[in-house]
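Note sheet for the following structure.
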Amino acid sequence: MGARRGFSSRGGLRRWMRLGVLAIAVMAALPVVLTVLYLPPFVHPVSTLMLKDLATLRGYDRQWVALGDIAPVLAHSVIMSEDGQFCSHRGVDLGELRGVISDALDGEATRGASTIPMQTVKNLFLWNGRSFVRKVVELPLAIYFDALVPKRRIMEIYLNIAEWGPNIYGIEAASQHYFGKPAKQLSRRQAALLAVTLPNPAARNPAKPGPGLRRLASVIERRASRAGAYVQCLD
């Protein structure tokens, strides 16, 4: 009897292990499959934060707009603020990444090295918060995403799922909320203010910027006005 119970117990453990491995495989395959499904322009992806807001019954404000219906200066400002090498790298900015690793090895404070593809896959498939595990998963996903998805489509998805405030997602909802106008009509100054809000949308208000935010916006406004080759992949 005892031997039979032991055999049954081991069999149950093996079944649970198989189910666990299957669940991990499904979770790993999901971003790979969804990336392909997100290629057509008529597909409007949602982020994990948006799903969380739905699950907690908070809801959210998001109005999808095509990249052609967004003021070009907004996309240019976001590139110059968030990822200056967006048009030239392949999902990961190796120069920035090497700098972060070097700083970490030297015991210095590390700076951010997230590219727009990295932020896009994080928003689509992963979770928020600083995590070494998330970064390890994020890097190959960003390379894969960038290899399959054209740069214009990456930018379109990013601008439509980025968080610009509590329950405010996407540039159209942000533009309407903060400036009362569609994203297509944003001025250079408004675009710069929205771009520099992205790193901390919970604490930064582009409609009521403090001195620090205004200074940052002025820098990005100047950079965006002479972005040139840095934004050519969006032309």
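A short reminder: the numbers here are calculations on the coordinates, not readings from a lab. As the structure is a prediction and not an experimental result, all values here were calculated from the model. In this analysis, Cβ positions are derived from the backbone assuming ideal geometry, glycine residues included, and neighbour counts consider all displayed protein chains.
I need the phi-derived Karplus couplings for the stretch 75-87: 6.51 cos²θ - 1.76 cosθ + 1.60, θ = phi - 60°, integer Hz, Gly and Pro marked x.
Once rounded to whole Hz, the list reads 4, 4, 5, 5, 4, 5, 8, 9, 6, x, 9, 3, 6.
Report, ordered by chain and residue number, the lysines lying within cross-link reach of Lys208, taken as a straight Cα distance under 19 Å and ignoring same-chain residues fewer than 8 apart.
Filter leaves Lys181.
Restrict the search to the stretch 191-235; then list the trypsin sites (Lys or Arg not before Pro) that DSSP places in a loop and that have at most 16 other Cβ atoms within 10 Å of their Cβ. Could the numbers behind the result be given before it?
On the way: sites: Arg204, Arg214, Arg215, Arg222, Arg223, Arg226; in loops: Arg204, Arg226.
When the trypsin sites (Lys or Arg not before Pro) of the stretch 191-235 are filtered for loop state and at most 16 Cβ neighbours within 10 Å, Arg226 remain.
Determine which lysines satisfy two conditions relative to Lys135: a Cα distance under 18 Å, and not lying fewer than 8 residues away in the same chain.
In chain and number order, the partners are Lys122.
Just need the relative contact order of the stretch 38-234 here, percent rounded to a whole number, with Cα pairs under 8 Å and 6+ apart.
Details: 266 pairs, mean separation 60.2, N = 197.
Over the stretch 38-234, the number comes to 31 percent.
Which whole-Hz ³J(HN,Hα) couplings does the stretch 113-125 yield from phi under the Karplus relation 6.51 cos²θ - 1.76 cosθ + 1.60, θ = phi - 60°, glycine and proline marked x?
Computed from phi, the couplings for the stretch 113-125 are 10, 6, 8, 5, x, 5, 5, 5, 5, 4, 5, 7, 10 Hz.
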